[in-house]
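Before I ask anything, here is the structure I am working with.
The values are calculated or read from the model by the stated rules, or taken from the named source; none is laboratory data. None of the values given here were measured: they were computed from a predicted structure. In this analysis, Cβ positions are derived from the backbone assuming ideal geometry, glycine residues included, and neighbour counts consider all displayed protein chains. The protein model used for the area step is the full one, side chains on, heavy atoms only, and it has no ligands, DNA or RNA in it. Shrake-Rupley method; radii C 1.70, N 1.55, O 1.52, S 1.80 Å.
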Amino acid sequence: MPAVKPSLLGIKEPVEQERRVEQIVSTERVCHVTVDIAPRPLEAQVDAASVLETLDQAGIKISLLKIHQGFMDFIVEGDYSKRDLERVLQRPVQFKSNCAIVTLKSDSMRYLHGIMAAAVQALYNADIEVYETGDSYDSVSVVIDGKKLPRALKTLAQRFKVEAV
Amino acid sequence: MKKIIVQKFGGTSVSSARKRVEAAQRVLEARRSGYAPVVVVSAMGRRGDPYATDTFIDLARSIDPEREMEKRELDLLLACGELVSIAVMAHTIRCVGDVDTIALPGGQAGIVTDREFGNARILRVDPAYIHDCIRRGQIVIVAGFQGISEPGAKGEHGAVTTLGRGGSDATAVALGAALNAPVEIYTDVEGVLTADPNVVPDARVLKTISHAEICEMAHLGAKVVQARAAVLARRHNVRVWVKSPSSESAGTEVRRLEPAPGRKTSVAGVSQVPVAYVAVHVPDERASRLIELETYRAMQEANVAIHFTSVTTNKIEFVVARDAMPDVQQVLDGLTVFDAEESPSGQRRVYILRPNPPSPRFRAQQRLARNLGTPVPVPITISGRSSVVSIVAGNMPSPAGVMSAVFRALRQHDIHILQVADSTYSVSCLVPEEDALTAVRALHAMMMDKVQAGEWTLTDQSA
């Protein structure tokens, strides 16, 4: 008889995990950057594209990009200063250094409606401002002040009854 | 003992006698190749066909449109479609191949779930009886989409449960995991394509795609594999082939592939999902956080997932699934937020969310609020005319490169990007509904041009 995985017989873990946040992970030393772009929508797209191309060519890793009327913001990973980015982009930027990304992970995120809302609410109640958010099929991420990371992890771990790693 | 293969046939693949014979031939081919096939089938056909799941849903609704059937009984009813299907397929395979077959409802196949009727979670799969049947030389036909709950209180032996829409894919993958077997999912396309072929006629079938990419694709609207089955395949490292029963093409293999640092960006395809866009226009900066929190709380209470969130001092934006739009309208219309602080004039502000045109509920709340402070209307926009168009990529060192190419491609077609989002495996744009199909075509063309030019690779070329 071919091997049957013990976990699938319910000995170790269920076939499908319990529908809840399973893990909280964090990324430190990121910065939140805001760059002005053309205010008119289609011009803004071209302007934003050139900013992104420059960052890509410089090998600068970004994430959680958002566009707004007249500006765009994103997260930059790595030890960059405001001056570094302004030199690369050849334009002024607004810059929040020492930020952190906290990511809640779950395979069943699609069934867990309200995780983003609950996370933001819990952080605001703990007086931790959320600078940016993002989500994928298995995660919800928030960007906060890096100094508040330990407190944020504790708050979210308590809120979702899971250990932060 | 023979090697086992799980073969899943969807509703359209078993909807007619001709298609069932075609499916039976696939099963018999696998047997001739030395495999012991375990076949998973969905209910036959689509809404209107006599044994389709949606036909049973309509039957339940027809009894009293004002009153919903109890979920437990509804699951029992919905499970009937697959029961009909397994009996018919077992007999079809027996007739076509002159082989011994056995039809097993989910419970008899060892699929044990929790008691969340309508959307049950698979707790475990005990495949002992399937192994017994295989040892006896039988081809096993399992009812997809269903299981049985663990015995409940008062001597209940367990109730029939269903796994939610598209749940037969989850059944097949869970069986694949339990039986240590590869899974073939037969569908009406030749495999996982780089785009919906109805929108992009020259979309290409991928030879290979990673578990993570298929999870992301399913999350972003691609319908070829159910999202939950994709997650199960990733979690238990099940190899899955997606193919058509009427084609000799090998289809697409879904398997574990790790991103390779330093390699070129590898792209898997373009997908599109219709959504509803919500914007709350905050009238004064100091109320921004308060209104944001209350809006989120309302969404949470309405059990609505929000995506693409973007908050500035004067606007809170997000998108929700298109079918959640009525719930969102219901909870946001007239939502009232009290400002704890008094204004300089000594009056307390009461913020009331106001749809356009103002609704009776908004007006009623406004009248009541005058007794408590100064009512401040907060305009909201809820539009069902937006779509999220995404490029799924397996190896994307940073989304900046892909995003800039997306911005330029959409600009060339004068498509206004309303918002963007990125994750490890995708970049997405929110665009007006009327531009969505053009956007899919434009992004697919741009993607293939970059592949052609050697700047990017297709995910199956980088495997």
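For chain B: lysine pairs with Cα atoms under 15 Å, gap of 8 or more or different chains, count? Display every interim value, and only then the final one.
Values: B:Lys8/B:Lys19; B:Lys8/B:Lys243; B:Lys19/B:Lys243; B:Lys207/B:Lys243; B:Lys223/B:Lys243; B:Lys264/B:Lys450.
Lysine pairs meeting the criterion: 6.
Now, a different point. Alpha carbons only, please: Rg and Dmax for the range B:327-418, in angstrom.
Just the Cα atoms of the range B:327-418 yield Rg and Dmax of 20.9, 58 Å.
If packing is taken as the average count of other Cβ atoms within 10 Å, what order do B:370-379, B:278-287, B:41-50 fall into, highest mean first? Display every interim value, and only then the final one.
Working: B:370-379: 15.4, B:278-287: 17.6, B:41-50: 19.6.
Averaged packing, sorted descending, gives the order B:41-50, B:278-287, B:370-379.
What three numbers, in Å, describe the spread of the alpha carbons of the range B:3-186 along their principal axes, ordered from the longest?
Answer, in whole Å and largest first: 53, 36, 22 Å.
What angle, in degrees between 0 and 90 and rounded to the nearest 10, separates the Cα long axis of helix A:115-125 from the longest principal axis of the Cα atoms of chain A?
It works out to around 70 degrees.
Based on Cα positions only, what radius of gyration and what Dmax would you give for the range A:29-162, in angstroms?
My reading of the Cα-based Rg and Dmax gives 16.1, 46 Å.
Semi-axes, largest first, in whole Å: what does sqrt of 5 times each Cα gyration tensor eigenvalue give for the protein assembly as shown? Don't skip to the answer; put the middle values down first.
Numbers: eigenvalues 395, 180, 103 Å².
Largest first, the protein assembly as shown gives 44, 30, 23 Å.
Further, regarding this structure: Mind checking the mean number of beta-carbon atoms from other chains within 10 Å of the Cβ atoms in B:114-123?
Numbers: counts 4, 0, 2, 0, 0, 2, 1, 8, 4, 7.
Across B:114-123, the average partner-chain Cβ count within 10 Å equals 3.
Follow-up. With charges only on Cβ, +1 for K and R and -1 for D and E, what is the dipole size of chain A about its Cα centre, in debye, rounded to 20?
460
What size of dipole, in debye to the nearest 20, comes out for the protein assembly as shown about its Cα centre when the only charges are +1 on Lys and Arg C-beta atoms and -1 on Asp and Glu C-beta atoms? Could the numbers behind the result be given before it?
On the way: 73 positive and 74 negative charges, 170 e Å.
Approximately 820 debye in magnitude.
What are the equivalent ellipsoid semi-axes of the range B:107-147, built from the alpha-carbon gyration tensor (square roots of five times its eigenvalues), in whole angstrom, biggest first? Spell out each step's value before the answer.
On the way: eigenvalues 108, 20, 5 Å².
In descending order, the three semi-axes are 23, 10, 5 Å.
Considering only DSSP beta bridges with both partners in chain B, what is the antiparallel share in %, to the nearest 5? Walk me through the intermediate numbers first.
Values: 49 of 85 bridges.
Just about 60 percent of them are antiparallel.
When you look at the Cβ of every residue in B:307-316, what mean number of other chain Cβ atoms sits within 10 Å?
Details: counts 6, 4, 11, 6, 7, 5, 0, 2, 2, 0.
Going residue by residue through B:307-316 and averaging, the value is 4.
Who wins for biggest fluctuation among A:Lys61, A:Lys148, A:Lys96 in a Gaussian network model of chain A, springs between alpha carbons below 10 Å?
So, out of A:Lys61, A:Lys148, A:Lys96, the one fluctuating most is A:Lys61.
Right, next: Taking the solvent-accessible surface of protein heavy atoms with a 1.4 Å probe, what is the per residue accessible area of the protein assembly as shown in Å²? Kindly include the intermediate steps, with their values, before the conclusion.
Numbers: 26770 Å² over 628 residues.
I get 43 Å² per residue for the protein assembly as shown.
Now, a different point. Got a number for the accessible area of A:Phe74? Probe 1.4 Å, square angstrom, nearest 10.
In the full protein context, A:Phe74 sits at about 0 Å².
Tell me whether the range B:274-383 comes out rounded, prolate or oblate; compute the Cα gyration tensor, take square roots of the eigenvalues as a ≥ b ≥ c, and use a/c under 1.5 as the rounded threshold. Walk me through the intermediate numbers first.
Working: a/c = 2.22, a/b = 1.57, b/c = 1.41.
Because a/c hits 1.5 or more and a/b exceeds b/c, the range B:274-383 counts as prolate.
What does the helix-only formula give at 222 nm for chain A: each DSSP H stretch with n ≥ 4 adding -39500 (n - 2.57), the total divided by the residues, and the result rounded to the nearest 500 deg cm²/dmol?
Details: 4 runs with 48 residues, N = 165.
Calculated mean residue ellipticity at 222 nm is -9000 deg cm²/dmol.
Can you give the net charge of the other residues whose Cβ lies under 13 Å from the Cβ of B:Ala298, counting K and R as +1 and D and E as -1?
Working: positive: B:Arg297; negative: B:Glu292, B:Glu294, B:Glu301, B:Asp327, B:Asp333.
Value of the local net charge: -4.
What's log10 of I(q)/I(0) for chain B at q = 0.06, 0.09 Å⁻¹, Debye sum over Cα points only, no solvent?
-0.33, -0.71
What is the average number of partner chain Cβ atoms found within 10 Å of a Cβ in A:121-133?
Values: counts 6, 0, 0, 5, 1, 0, 0, 0, 1, 4, 1, 3, 8.
Mean shielding count: 2.
Right, next: D for the range B:111-183, whole µm²/s, Stokes-Einstein with Kirkwood Rh over alpha-carbon pairs at 4 °C and 1.567 mPa s: what number?
The Stokes-Einstein estimate is 101 µm²/s.
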